[in-house]
Amino acid sequence: AVSNMSVSAKEILTLLQACTLEQRHLIFRELRKEFAIHPLEEELNIRAEIILESIARAGGLTLRMIRGVIAEAAFEIEVISKLEGWEDATPEGDLPYDFRLNDGNGFVTVQVKLQRSKSGRPARANEGYVRFSEDMYLIEPQKTRKGEIAGESTRLYRFGVFDILAASMQPSTNDWSTFMYTVSDWLLPDERDESRVLKFQPIPMKPNEDWTDDFETCVKWLRSGVTKRIQVALDK
């Protein structure tokens, strides 16, 4: 037998590759007794497995909210961390945007929303409003929390409170790293109050002149000052 002190990490990894799936599970369970997966385990004094089981049991609205939070985390990890020359300058507090980024040429605020799903599938745009195309997807860029002032709902965002809408396309791509972006001022206004963003917005299934899958392209659109509205139907 070889003493533990004389076995290198590389040799251990080689031995692990030779183990059966059952043996690797056994080793993982032993290591989990010593190592936490995330600092939240220590903060809540509970194992990650119990946290995940709690989320699974909650289902419904809670799970949808969690998926929205995952979309935000995915944007931070899969997009922001890979941008060159950009700094995350998001302040703390209850803000009308999720991220405030700076590339040295100015600040850009981003609101992240998850593509709308229905019965476990990506919702089509015409399921939001019949005037929208059935060949497009749907997103719901409104606040999660309900609110009311003078008998009027405050869930709809006002134009100008964030610069870019980042739509997580995970429901249709099954990939948390995929996003579509548009300039917030290009979004459709609510017919009853044109200072507010319409509850549902259509998204094309692939990038076009209104939506891009590249964040920095959308920043260029934003800074160009072009004024328009996104399309509700695609040219055939």
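The values are calculated or read from the model by the stated rules, or taken from the named source; none is laboratory data. On a predicted model such as this, the values are computed, not experimentally measured, just so you know. With ideal geometry, Cβ positions are generated from the backbone for all residues, glycine too; neighbour counts draw on all protein chains shown. What goes into the accessible areas is simple: the full protein's heavy atoms, side chains included, and nothing from ligands, DNA or RNA. Shrake-Rupley method; radii C 1.70, N 1.55, O 1.52, S 1.80 Å.
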| query | Quick one: residue 85 ticks every box in (1) within 22 Å of residue 214 (Cβ to Cβ); (2) in a helix (DSSP H, G or I); (3) of a type in the set (Gly, Ala, Ser) bar one, so which box is it? | reply | (2)
| query | Quick one: residue 29 ticks every box in (1) under 17 Å from the mean Cα position of the chain (by Cα); (2) open to solvent by 80 Å² or more (accessible area, probe 1.4 Å); (3) farther than 30 Å from residue 223 by Cβ; (4) not aliphatic (A, V, I, L, M) bar one, so which box is it? | reply | (1)
| task | Give the stretch 102-120 a look and list any residue that's closer than 17 Å to residue 68 by Cα and either in a loop (DSSP other than H, G, I, E, B) or of a type outside the set (D, E, K, R) (or both), or say none. | result | 110, 111, 112, 114, 115, 116, 117, 119, 120
| task | Could you check residue 130 against (1) surrounded by 12 or more Cβ atoms within 10 Å (Cβ to Cβ); (2) free of Cβ contacts under 8 Å to residues at least 40 places away in the same chain; (3) under 20 Å from residue 229 (Cβ atoms); (4) of a type outside the set (Ser, Thr, Tyr) and say which number it fails? | result | (1)
| Single unsatisfied condition, residue 192 versus (1) open to solvent by less than 40 Å² (accessible area, probe 1.4 Å); (2) modelled with pLDDT under 95 | (1)
| query | Right, residue 48: open to solvent by less than 100 Å² (accessible area, probe 1.4 Å) and modelled with pLDDT under 90 or not? | reply | no
| the stretch 55-74 - residue that is open to solvent by less than 60 Å² (accessible area, probe 1.4 Å), over 24 Å from residue 110 (Cα atoms) and assigned to a helix (DSSP H, G or I) and, of those, modelled with the highest pLDDT | 55
